[in-house]
1. Looking at (1) assigned to a loop (DSSP other than H, G, I, E, B); (2) among the β-branched types (Val, Ile, Thr); (3) modelled with pLDDT under 90, can you tell me which one Thr208 breaks?
2. Which ones in segment 102-134 are over 22 Å from Gln282 (Cβ atoms) and not in a helix (DSSP H, G or I)?
3. Among the residues of segment 1-28 satisfying the criterion of being outside any helix (DSSP H, G or I) and modelled with pLDDT under 80, which is surrounded by the most Cβ atoms within 10 Å (Cβ to Cβ)?
4. For segment 82-115, give me each residue that is within 21 Å of the chain's Cα centre (by Cα) and without any contact (Cβ under 8 Å) to a residue 60 or more places away in the chain.
5. If Glu124 passes every condition in (1) surrounded by 20 or more Cβ atoms within 10 Å (Cβ to Cβ); (2) at pLDDT below 90 but one, which one does it miss?
6. Please name all residue pairs, on different chains or six or more residues apart, with Cβ atoms under 6 Å, provided the first residue is in segment 478-502 and is closer than 24 Å to Ala409 by Cβ and at pLDDT below 95 and the second residue is assigned to a helix (DSSP H, G or I) and acidic (Asp, Glu).
7. Of (1) farther than 26 Å from Gly17 by Cα; (2) in a loop (DSSP other than H, G, I, E, B), Gly166 satisfies all except one. Which?
8. Can you find even one residue in segment 390-401 that is of a type outside the set (A, V, I, L, M), out of contact with any Ser or Thr (no Cβ under 6 Å at 6 or more places or on another chain), assigned to a loop (DSSP other than H, G, I, E, B) and on the phi > 0 side of the Ramachandran plot?
Amino acid sequence: MQNEAIAKKASEPQASGYSWYVLGVLVLVYIINFVDRQILSILGLDIQKSLGLNDADLGFLFGAAFAVFYALFGIPLGRLADNWNRKNLLSIGLTLWSGMTALSGFAQSQLTLSLARMGVGIGEATASPTAYSLISDYFPKRQRATALAIYSSGLYIGGGISLLIGAKIAQLWNAAWPDGGPLGLTGWQGAFLAVGIPGLLMAVWVSTLREPVRGAMDGVASPASPTPFRSFIADLSSIVPPFTVLGAWQRGPVALLINLVVGALAMLLAWMMVRLTGNVLQWPAIAVGYYAVFSWACTLKARDPATFRLIWGTPAFICTTLGYSLVSLVAWALGAWSAPYAERVLHIPREDLAFWLGANGALSGFLGVIIGGRVADALRARNPAGRILVIVFGVIAPIVPIVIGYTTANPTLFYVMNFLAGMCGATALGAAAATTQDLVLPRMRGTATAAFFLGTTLVGLAFGPYLVGQISDLAGSMVNGKLVGDLRTGILSLIGVAPISLGLLLCAYRTVPAAEATLKERANETG
């Protein structure tokens, strides 16, 4: 019996040394990804003062300005990752987002900075669809959650060191040029320039990686499409308004009517929310994002019913994605606002909080995502839905640390609780990502990754930082004629999403085993 087990293991696909090398490069890319994305947090109060923004405005820059375009372009770019050379696509995307990060340093208003952040979002939309797909073809299923968790550690390392880098560059810049440096740029603008340029060099390194055989690790080799850009252009035209109307018209008068009604309802809701909150950028961006996703889903159903069935038509996939998205909502909000909170509420000097919060975030996230990935793989070996239990832990475990950390006046206790909240929340990512990858066929993984990140961006990132800022403004008070938000109330309000997330994950736990067991049958039913 033991010999049979050894022989079976020997016959299974194995991750090579080159697989681990590629994973290491992808982790470095993800670190750059999150340095460019999260550096805004430590620079937030300077940007707020320089551009005259309130907390809700800053929350928009933290979230939706980036998230909507990241999510929307992630869909066609995810499809392109399924059909074209993935390492070339990643290299191009890295060049784009690094260049747009550097250009953020020249922003002179909320609008121009928002446009630059949108560009960063489009470029970064290439990262995870290509990386998830590459990792799935370099590692067998039994190691996949671990590999994806290691890749995901770049999120926390990059997010952590972004605070250190941003604070230090801004400090040195302002010390050297108190009245503005070259071209009149201030410290926060110089920081964007300094972190954007190295990514251009990293893009050259990425272009040297080898492209693996798609699906080989699962024994279902899938050749690349002979016309990858045809599908990409079709997907792009199906998700970018107003071309979405043309796409709906091509599917028939009923589809056109439904599309127009949904678009009108989305804009009406956006108008109502603008009137209610006064934020003229957040809600139109959200409306465009959700309307575009609806249009894309309708197009996907018509063009690729098998992929639509396994993603949008699978409750296990939807509940896992949305359940984890609410975990990410809390994580994104804390990642954006913890540094401004420590500086404004606890009056901790920026250089001190950058070190402690940066190291805190990097270590807690790294440990959480690695431990969570290993535990998720172990539970998956015993129970097809075992990984869902790790996501549930990621919902429940951070609650007490958040309450203690954001009500104490003790900086040390704040750091410790922030560490625990970050580590516990991070355990869920590898488990959620691996679950969604296992619920689709190899050729669909890039698209599934894009759909998964729709949740983490259009639910988590687009709303988390903004809601904290908006609630902070609503609970704030006027000081010397200026609104000062109540960040403590804004952050503590995040706990309210936990019951919703738990309900969704309970549904996922019940439905994942059957969904995975009937994967090929359900795909074949669509023809």
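1. For Thr208, the exception is condition (3).
2. Within segment 102-134, Gly105, Phe106, Thr126 qualify.
3. Ala15
4. Leu89, Gly93, Leu96, Leu115
5. Status for Glu124: all satisfied but (2).
6. Gly485/Asp55; Gly485/Asp473
7. For Gly166, the exception is condition (2).
8. No - not one qualifying residue is present in segment 390-401.
The values are calculated or read from the model by the stated rules, or taken from the named source; none is laboratory data. The structure displayed is predicted, hence computed values, not measured ones. Positions of Cβ are generated from backbone atoms using ideal geometry, with glycine treated the same way; all protein chains shown enter the neighbour counts.
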